[in-house]
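Trainee: Got a structure for you, written out below as structure tokens; questions coming shortly.
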Amino acid sequence: MPALKSYELTVGRMGSHWKELLGFAILLAVSAAGSRVPLEAAQGTPPEEQPPQTVAPPRQDTAVDVTDLDLDDLLKVQVTSPGKKEQVLADVPAAVYVIREDDLKRSGATSIAEALRSVPGMEVARTRSSSWAISIRGFNDTLSNKLLVMIDGRSVYSPLHSGVFWDVQDTFLEDIERIEVIRGPGGSLWGANAVNGIINIITKRAEDTQGGIVTGGYGTEERGFGGARYGFQAAKDLYVRVYGKYFNRDDTAVGLDPGNRAEDGWYMGRGGFRSDWNAGNDNRLTFMGDFYHGEVKEELRSPSLTAPTGSETLKDRMDVQGADLILRWERELAPSSNVSLQLYYDYTWREEALFTDTLHTVDLDFQHRFRLLEFNDVIWGAGYRIYHSEFDGGFVFQTDPANHTDDIVSAFVQDEIAVIPDRLRLTLGSKFEYNDYSGFEAQPSARLSLSAGERHSFWGSISRAVRTPSIIDRDVRVTPVVMPGALPVAITVFGSDRFRSEALLAYEAGYRVRPLDLLSLDLAAFYNQYDDLRSGEFGATFVEGSPPPTHLVVPVTLANELKGETWGIELSSNLQARPWWLIQANYGYLQMHLSQDSAEGRDPEHTVWLRSALDLPWNLSLDTIGRYVSKLKAFDVDAYFEADVRLAWRNRSRRFEVALVGQNLLHDSHPEFQVASQRNEIQRGVYLSLTWRF
């Protein structure tokens, strides 16, 4: 009955959005109508008799069309994140979704965060111009802390809050080979923070990005952006590329008064390089690095003991900058045996209105894969990571001590056993870690996969994962609210040295089927049990004189008193309707039940993503994307439909492309999330981009 009631409510909400739904239907109809122009009439010869297109020089990476890939290619995409080795996507015993290079480009997304909207089971909500709330399978927030994000094997996790600062996660988008998203725990291989999912952004090798690209554009929200990359061969078997990019994005709208600007626009510049050396004897060395600097406008209400209203308005410019270096050595020992060693250094610095945070990270990781027996594929490894954090806050936000130096020692082992060769596989493994906050942690998993012919496969798993304590959990003091009066009252949150790791026990199952040659379906279901989730416990009020004036403090101490469970299903589908027309539809359903209702309602129960990708005559391509997100009950953010459209033309050599992109076309502006009492609205945007490859 609860499921039936949820369905009825959803249908009712959809009925209230008939205008948006009709608008998107019209866009799809226009797309389909455009595809009905016969290719032979438009180009003069049948498709099979057309002369071959001019192919770009081998040194240049070229974009692909949907006509260059069929469903066999989509299902045979190689992924590395689920097992730390190359595997065919269709054979992986986990819920995995891949955003390919072509998907990223043709979506019209200008940031990694926006590109993630296509993933079933993922919640992506833009909270302001530079900020997103992103999570997988629940617990969404701008400070989401149960998601591991990596860029080329470098974790961008922040030990301050166990989360990700999405405003600084970027690279030259044309250099991204794919984004692998694992929905569900991956702690048995990747360790702490890989609780609800993993996002692994993988860039192309330097030898695959030879030649140059220059791109730029302008629009109503994208107020100017551009970038350039050049790849060259520096010596025999040594390939190098360098890039630089810049963007300037407009403010969002104020939720209570959409006609006014929210004063949250931002700009950022970034540059980097990558070199790959095939050193012989099956050795490969990779050296890469990035640096960035940007500014973000801020306007916020800050608690104050002296302001008559208990808060004051702050207007500032947040300054962010950082750099990273990665050195990786890989060697092939045999067709199914290899060894790798990776070292990286990461530096981040952000100066916001309420605090300054500086972080240095050094990470060393070793991995070895080998065949123990004919039916055993073993991977094991060890790692060491050290953080040094320097935090400078004030009355509203501070940590004690201000500086932290923490480290993590880890090891893992995983064995994939071919119980029945090419049919039944059992994967057992665990990660073991020791950290300075919760001590020893073990994260085991067991996964079973069954191949029932070429068109059907089943998988199931049971896993344990943990989210280890962050600096905020242990050492924070934050005052989010001050109630004015003769004796002001400050509600203050304190960390606790008794805070433990949050734990997850996850049960998953999946089914992949190809009922028709032109149709593939990927279904995943999950049930998650959470224990020791973060909670707040009120304590006895006390008087405090520093900082002045004298005030009362109502303490809320962080603890692990919250439990919960979540369950849901996720479906992704691909339909090759015509050789030149690809239709994709993804759906996610989520239910949450926590022991404190206040933590629920931040995530939509239903998310739908639909894409029509057309390669049209005259070297045109048309992509139409529709999104439906159901209501966020915690914030009273209404359900909404949105649509994005991208129309592009490029010459026959694929060296020059012009694209017109419309985003959020069904509304002048709409809210997607809410942070505290602040609700900004995302506006409709249009931009024009030019790309030249040489």
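Trainee: Of the residues in the range 403-424, how many are in contact with a Gly (Cβ under 8 Å, 6 or more places away or on another chain) and hydrophobic (A, V, I, L, M, F, W, C)?
Mentor: Qualifying residue count, the range 403-424: 5.
Trainee: Moving to a separate point now. Criterion first (surrounded by 15 or more Cβ atoms within 10 Å (Cβ to Cβ) and in contact with a Lys or Arg (Cβ under 6 Å, 6 or more places away or on another chain)) does residue 340 satisfy it?
Mentor: no
Trainee: Could you run through the range 665-682 and say how many residues are within 15 Å of residue 251 (Cβ to Cβ) and open to solvent by less than 50 Å² (accessible area, probe 1.4 Å)?
Mentor: Residues flagged as within 15 Å of residue 251 (Cβ to Cβ) and open to solvent by less than 50 Å² (accessible area, probe 1.4 Å) within the range 665-682 amount to 5.
Trainee: Of everything in the range 331-365, what is among the hydroxyl-bearing types (Ser, Thr, Tyr) and either over 30 Å from residue 377 (Cβ atoms) or outside any loop (DSSP other than H, G, I, E, B) (or both)? Give them in sequence order.
Mentor: 337, 340, 344, 345, 347, 348, 356, 358, 361
Trainee: Another question, if that's okay. Does residue 325 count as aliphatic (A, V, I, L, M), at pLDDT 95 or above and under 30 Å from the mean Cα position of the chain (by Cα)?
Mentor: Taking the combined requirement at face value, the residue satisfies it.
Trainee: Of all residues in the range 192-238, which are hydroxyl-bearing (Ser, Thr, Tyr) and without any contact (Cβ under 8 Å) to a residue 60 or more places away in the chain?
Mentor: Selection gives 230 alone.
Trainee: While we're here: How many residues are open to solvent by 20 Å² or more (accessible area, probe 1.4 Å) and either within 19 Å of residue 446 (Cα to Cα) or touching a Cys at 6+ places or on another chain (Cβ under 7 Å) (or both) if we restrict to the range 89-120?
Mentor: Number of matching residues: 3.
Trainee: Still on this model: Looking for whichever is more than 12 Å from the chain's Cα centre (by Cα), assigned to a strand (DSSP E or B) and crowded, with 21+ Cβ neighbours inside 10 Å here; the options are 213, 182. Which one fits?
Mentor: 213
Trainee: Report, by residue number, each residue of the range 382-428 that is over 24 Å from residue 360 (Cα atoms) and within 25 Å of the chain's Cα centre (by Cα).
Mentor: Across the range 382-428, the qualifying residue is only 412.
Trainee: Scan the range 142-162 for residues that are at positive phi and open to solvent by 10 Å² or more (accessible area, probe 1.4 Å) and jot them down.
Mentor: 152, 153
Trainee: Turning to a different aspect of this structure: On the basis of being within 25 Å of residue 196 (Cα to Cα) and either of a type outside the set (Gly, Ala, Ser) or touching a helix residue (DSSP H, G or I) at 6+ places or on another chain (Cβ under 7 Å) (or both), does residue 416 make the cut?
Mentor: For residue 416, the condition - within 25 Å of residue 196 (Cα to Cα) and either of a type outside the set (Gly, Ala, Ser) or touching a helix residue (DSSP H, G or I) at 6+ places or on another chain (Cβ under 7 Å) (or both) - is met.
Trainee: So, one more: From 537, 561, grab the single residue that is more than 30 Å from residue 487 (Cα to Cα) and either in a strand (DSSP E or B) or open to solvent by less than 40 Å² (accessible area, probe 1.4 Å) (or both).
Mentor: Just one listed residue meets the conditions, 561.
Trainee: On the given criteria, is residue 639 within 30 Å of residue 480 (Cα to Cα) and surrounded by 16 or more Cβ atoms within 10 Å (Cβ to Cβ)?
Mentor: Yes; evaluated as a whole, the condition is true for this residue.
Trainee: Could you look through the range 252-284, keep only residues that are assigned to a loop (DSSP other than H, G, I, E, B) and on the phi > 0 side of the Ramachandran plot, and pick out the one that is least open to solvent (accessible area, probe 1.4 Å)?
Mentor: 263
The values are calculated or read from the model by the stated rules, or taken from the named source; none is laboratory data. Only a predicted model underlies this, so the values are computations on that prediction, with no experimental measurement involved. Cβ sites come from the backbone with ideal geometry, for glycine too, and all protein chains shown count toward neighbours. Side chains included, ligands, DNA and RNA excluded: accessible areas come from the protein's heavy atoms. Shrake-Rupley method; radii C 1.70, N 1.55, O 1.52, S 1.80 Å.
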